[in-house]
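All of the numbers you see were taken from the coordinates with simple rules; none came from a lab. What you are looking at is a predicted structure, and each value in this text was computed from that prediction instead of being measured. When we count neighbours, we look across all protein chains shown, and the Cβ atoms used for this are built from the backbone with ideal geometry, even at glycine.
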Amino acid sequence: MSLYHHLDISNAEELLQHGNLVIPKKVHKDQDWTLEQLQEHLQWAVDIELYTIPFYMAAMYSIKDQGAEARRLLRSVVNQEMLHMQCAANIANAYDTQLVIRAPSYGGTVPHLNFALDTPNPTEIFTPYSTAIGPLDVERINTMCIIEYPNWDACSRENNGTTDEYGSIGEFYQAVSQGAKVLAEFIQGNVRQVGHFSALYPEVESMTITKDGKAGLPQVESLINLIVDQGEGLGERKQYVASKYQNRIDDLQPSWDHFEKFSYLREQALPETYALGFGNDRSREVQQILLKHFGDFLVAMNTVFRGGEVPDFAAIMYKVGGAIAACWENGALPVFSKTSTTTGARS
């Protein structure tokens, strides 16, 4: 059963209301995995990937120069986060997870992860940082580095077996991979699978899961590897993206994983970004327009990953991007949920 089973997935107003949800606890032993626990982990995998998309998009559109290197690098990351969300959803659907995609919550801690479990703790390295939606600045870049922080020491941490939390996205996906392997008999091929982005990655055998049971496990593992490899990479001494997971069509640095791209931006001069105003009727108007389009995006995502058709999905994404840009151009902070502050005020 979905953690959001009570929500109407066709109602944008409901999907724009984010809430506090129970985070699935870490499973320490193979014999302790249940299908319900794996489904909870897979719902959260989709949530993690969605969380990054508005955060990165808002920072990207805050850059005035559309041809700036930083903007182009961020765009490549946003596109891959959309792919990661699709991959996570395909895995979830292969295990018959009833997904619901709703507005993320920003401004608190990065959801699902306890970075204090990492050695070293990335929040002590990449500081100051902020999880609030904002322009591309030192705080936002540091947060991006924290989110994509490589899981270099996860396997050797002594407290790894005593905590119910995960310290990084890499460690989280290690658990998902193990749970998927233990429960491979439950894999169902061709269940609500979405195959966009295939043209950008011709070396990837399949972006969808088409086989049942253990025969489908290599496809599941390939999608997990794609997510991890493009995101935080494989380790301290192997910070590059495997050839088959590289987008050589429109990625400025196809061999760089997300952590490497953000680390690079951290060392560069910040590009000029739009300034926030003090709030007026126009800023509130463009924020409401963004909420409308982002609500449409959430409905579209729920429809697609429930097996429905959205013929104008590209147009929906274009409108979200345009509305984010309009917010910045009018001195308004982009907002992505009904419980966000909808004023164009400076912080």
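Couple of notes before you dig in:
- Rounded, prolate or oblate (a/c below 1.5 giving rounded, otherwise prolate when a/b exceeds b/c) for segment 211-308 by Cα gyration tensor: oblate
- Modelled label positions at VAL204 and ARG284, each set 7 Å beyond Cα in the direction of Cβ, lie 4.3 nm from each other.
- A protection proxy built from the mean count of other Cβ atoms within 10 Å ranks the segments 172-181, 293-302, most packed first, as 293-302, 172-181.
- Degrees between helix 35-61 axis and first principal axis of the chain (Cα, 0 to 90, nearest 10): 30
- Extending 7 Å from Cα along the Cβ direction at ASP164 and again at ALA116 yields two label points whose distance is 1.6 nm.
- The local environment of LYS64, defined by Cβ-Cβ distances under 11 Å, has a net charge of -2 under the rule Lys, Arg +1 and Asp, Glu -1.
- Among GLN246, GLN86, GLN268: highest mean-square fluctuation, GNM of the chain, C-alpha pairs under 10 Å: GLN268
- Between the beta carbons of GLU124 and ALA275, assuming R0 = 30 Å, the FRET efficiency works out to 0.50 to the nearest 0.05.
- Relative contact order (%) - the chain, alpha-carbon pairs under 8 angstrom, separation at least six: 23
- The angle between the Cα long axis of helix 138-147 and the longest principal axis of the Cα atoms of the chain comes to about 10 degrees, rounded to the nearest 10.
- Protection proxy ranking, highest mean first, for peptides 327-338, 24-35: 327-338, 24-35, where packing is the per-residue count of other beta-carbon atoms within 10 Å, averaged.
- FRET efficiency, 1/(1 + (r/R0)^6) with R0 30 Å, evaluated for TYR240 and HIS18 via beta carbons: 0.30
- Positive-end extreme of charge dipole, segment 12-275 - chosen from PHE262, ALA242, TYR166 (charges on Cβ): ALA242
- Listed by Cβ neighbour count within 10 Å, with the fewest neighbours leading, ILE23, ILE289, ILE141 appear as ILE289, ILE23, ILE141.
- Helix 313-329 vs. the chain, principal-axis angle (Cα, 0 to 90°, nearest 10): 40
- Near ALA88, once Lys and Arg are set to +1 and Asp and Glu to -1 for all other residues with Cβ below 10 Å from its Cβ, the sum equals -2.
- Cross-link check: pairs LYS214/LYS261; LYS26/LYS292; LYS25/LYS244; LYS29/LYS261; LYS26/LYS214 evaluated at a Cα-Cα cut-off of 25 Å; pairs beyond the cut-off: LYS214/LYS261; LYS26/LYS292; LYS25/LYS244; LYS29/LYS261.
- One chain, two ends: ASP137 and GLU36. Fully extended at 0.36 nm per residue, the span grows by 32.4 nm beyond their Cα-Cα distance.
- Residues considered: MET60, MET317, MET144. Largest GNM mean-square fluctuation over the chain, using C-alpha springs under 10 Å, is found at MET317.
- Taking a Cβ cut-off of under 15 Å around GLU203, the surrounding Lys, Arg, Asp and Glu residues balance to a net charge of -1, with basic ones at +1 and acidic ones at -1.
- The simple spin-label model puts a point 7 Å past each Cα toward its Cβ; for ASP65 and LYS338 those points are separated by 4.2 nm.
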